[in-house]
Amino acid sequence: MLNDRIKIKEAPSRVGDKVVIFGWVEDKRIVGGVAFLTVRDPTGVIQLTVKRDVNKDLFMKAGAIPRQSTIKAGGIVRKYGETYEIVPNFIHVLSIAKHPLPIDPTGRTDTSLHKLIQNRPLSLRIPAINAIFRLRALTKQVIREFFIEKGFIEVDTPKIIATATEGGANLFEVDYFGKPAYLAQSPQLYKEQLTMGFDGVFEIAQFYRAEKSHTRKHLTEFTSVDLEVAYADYNDVMKILEELIKYIFTEIPKRGAKELEILNYKPPQPPTEIPRITYNDAIDIIRRRGVDIKWGSDIDGEALDKLAEEYPGFYYIIDWPWDSKPFYIRRKGDLSESFDLMMGKLELSSGGTREHRYEHLRRNLKEKQLNVESFEYHTRFYKYGMPPHAGFGLGLDRLMTIITGRENIREVVLYPRDPETVAP
Ligand code: ATP
Ligand code: MN
């Protein structure tokens, strides 16, 4: 079937050749005795021109094809003013589109996000939406490339687990042959364990959080980019994350130039250096800007607005209060060796130095009021030479909103899951 196929973007280099294309009919006009079909594939768009005088049967056939039907056509490529056309000698309808369509796949009329998601496959025929998901694939490729180049090993941790990673909040329970099990909310404990045998591990995978958050930045199923590095502390992994951010925001504008042009959007410049603001300094800044915030509390809402006014780009908030962090983070007095990577008001990543000392880890569990014994399946490895290690989790979906300039996380996820939506 695909033998002599060209992608539509190749047409300009094939003027005068006989070619075959596959695609869908985006538009159709009949002007006088000429049928013009606008045919698109994921790479581009071209016009098929059929004159009644030249081929009456084909003219009649072309005129009768409903928009969005999928076709195969063959003919000679010609220059047509500033663009290109194919004068076909055959058109096969491979799959007919029934009307009315549930959305307008030309993107000319505004369709609600809800409807676009409900009709996701059809919405991929809208060039801007197609571009978003090509950029997403490219971003994953670029991230993999970066980690592999650094010598990190890609791993796969389980998504079905018997115990809660961080104490049980936000976990989806599933029925595992009559016993309760949970969907993993992060690869945290596994990726830490794996530093026993690898210098660095990474994973790009979906994780699950049963949060009833109705925001533009939370999903119940999200994709996390996780890294964990042996013999490293939080300064080391902040450096790696900074390099990764620079790499992404340098490579995507180059390799995704066509897609960004379709979106008519320029992602932020790669930062030269990502500033690090301590939690304590952040609190001072927020108070100086007139918002009363209690030491120890999370930075969100109006407090975060104020901080983002001072730091509109990428920045780190480091050294969070120990009380606000999970048990596996390394304690530093009242504080912890931890960081969040922010882009303005949006948290993109959290990370830190991990506690690798068995007794300290058990003490941390106790302080967080977790059952020390039920974590023994994990902590026991810390008795046998667990290296010091550090890492982070970076939200891919949130990152994609920054790369593509979208407001809502649902726009950059093919089949988003939120508290309202579990689609078939
Ligand atoms: P938030 O406070 O914004 O809810 P979090 O601090 O609970 O996020 P972490 O546990 O630190 O999230 O997870 C690491 C990263 O994973 C976050 O910085 C974010 O980018 C992403 N992430 C976490 N939860 C979600 C979610 N429900 N939907 C989308 N991305 C998420
Ligand atoms: Mn976080």
Item to check | Hits in the range 378-424 (condition: assigned to a helix (DSSP H, G or I) and away from ligand 1 (no atom under 16 Å from the Cβ)) | outcome: 378, 379, 380, 381, 382, 383
Item to check | First in the range 348-375 and under 30 Å from residue 241 (Cα atoms) and modelled with pLDDT under 95, second anywhere and away from ligand 2 (no atom under 16 Å from the Cβ) and among the charged types (D, E, K, R), Cβ under 9 Å, 6 or more apart | outcome: 375/362
Item to check | Subset of the range 15-73 [aromatic (Phe, Trp, Tyr) and under 30 Å from residue 259 (Cβ atoms)] | outcome: 22, 24, 36
Checklist entry - Does residue 29 count as open to solvent by 20 Å² or more (accessible area, probe 1.4 Å) and at pLDDT below 95? => result no
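This table checks each residue for (1) within 21 Å of residue 170 (Cβ to Cβ); (2) of a type in the set (D, E, K, R); (3) open to solvent by less than 10 Å² (accessible area, probe 1.4 Å).
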{"position": "357", "(1), (2), (3)": "no, yes, no"}
{"position": "360", "(1), (2), (3)": "no, no, no"}
{"position": "363", "(1), (2), (3)": "no, yes, no"}
{"position": "371", "(1), (2), (3)": "yes, no, no"}
{"position": "392", "(1), (2), (3)": "yes, no, yes"}
{"position": "396", "(1), (2), (3)": "yes, no, yes"}
{"position": "402", "(1), (2), (3)": "no, no, no"}
{"position": "415", "(1), (2), (3)": "yes, no, no"}
{"position": "421", "(1), (2), (3)": "yes, no, no"}
Checklist entry - If we keep just the residues of the range 317-338 that are touching a helix residue (DSSP H, G or I) at 6+ places or on another chain (Cβ under 6 Å) and touching a residue at least 60 places away in the same chain (Cβ under 8 Å), which is nearest to ligand 1 (Cβ to nearest atom)? => result 327
Item to check | Among the residues listed as 258, 239, 246, 266, the single one being part of a helix (DSSP H, G or I), more than 16 Å from ligand 1 (Cβ to nearest atom) and under 19 Å from residue 134 (Cα atoms) | outcome: 258
Checklist entry - Of all residues in the range 110-167 being touching a strand residue (DSSP E or B) at 6+ places or on another chain (Cβ under 9 Å) and open to solvent by less than 30 Å² (accessible area, probe 1.4 Å), which is farthest from residue 362 (Cα to Cα)? => result 143
Checklist entry - Scanning for something assigned by TED's automatic domain parsing to the domain that holds residue 399, part of a loop (DSSP other than H, G, I, E, B) and open to solvent by 10 Å² or more (accessible area, probe 1.4 Å), does the range 294-301 turn up at least one residue? => result no
Next on the checklist: All but one of (1) within 16 Å of ligand 1 (Cβ to nearest atom); (2) in contact with a His (Cβ under 9 Å, 6 or more places away or on another chain) hold for residue 171; state the number of the condition that does not hold.
Outcome noted: (2)
Checklist outcome for this item: Within the range 361-416, restricting to residues that are among the small types (Gly, Ala, Ser) and touching a strand residue (DSSP E or B) at 6+ places or on another chain (Cβ under 9 Å), the one that is nearest to residue 340 (Cα to Cα) is 393
Next on the checklist: Out of the residues in the range 214-236 meeting the condition of being part of a strand (DSSP E or B) and farther than 23 Å from residue 276 by Cα, tell me which one is farthest from ligand 2 (Cβ to nearest atom).
Outcome noted: 221
Next on the checklist: Looking at the range 354-377, can you tell me whether even one residue there is hydroxyl-bearing (Ser, Thr, Tyr), away from ligand 2 (no atom under 16 Å from the Cβ) and in a loop (DSSP other than H, G, I, E, B)?
Outcome noted: no
Next on the checklist: Is it the case, given these coordinates, that residue 319 is buried (at least 19 other Cβ atoms within 10 Å of the Cβ), within 21 Å of residue 184 (Cα to Cα) and of a type in the set (Asp, Glu)?
Outcome noted: no
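The values are calculated or read from the model by the stated rules, or taken from the named source; none is laboratory data. Owing to the predicted nature of the structure, the values given are computational and were not obtained by experimental measurement. Using ideal geometry, Cβ is built from the backbone for each residue, glycine included, and neighbour counts are taken over all protein chains shown. Areas reflect the complete protein model, heavy atoms only, side chains present, ligands, DNA and RNA absent. Shrake-Rupley method; radii C 1.70, N 1.55, O 1.52, S 1.80 Å.
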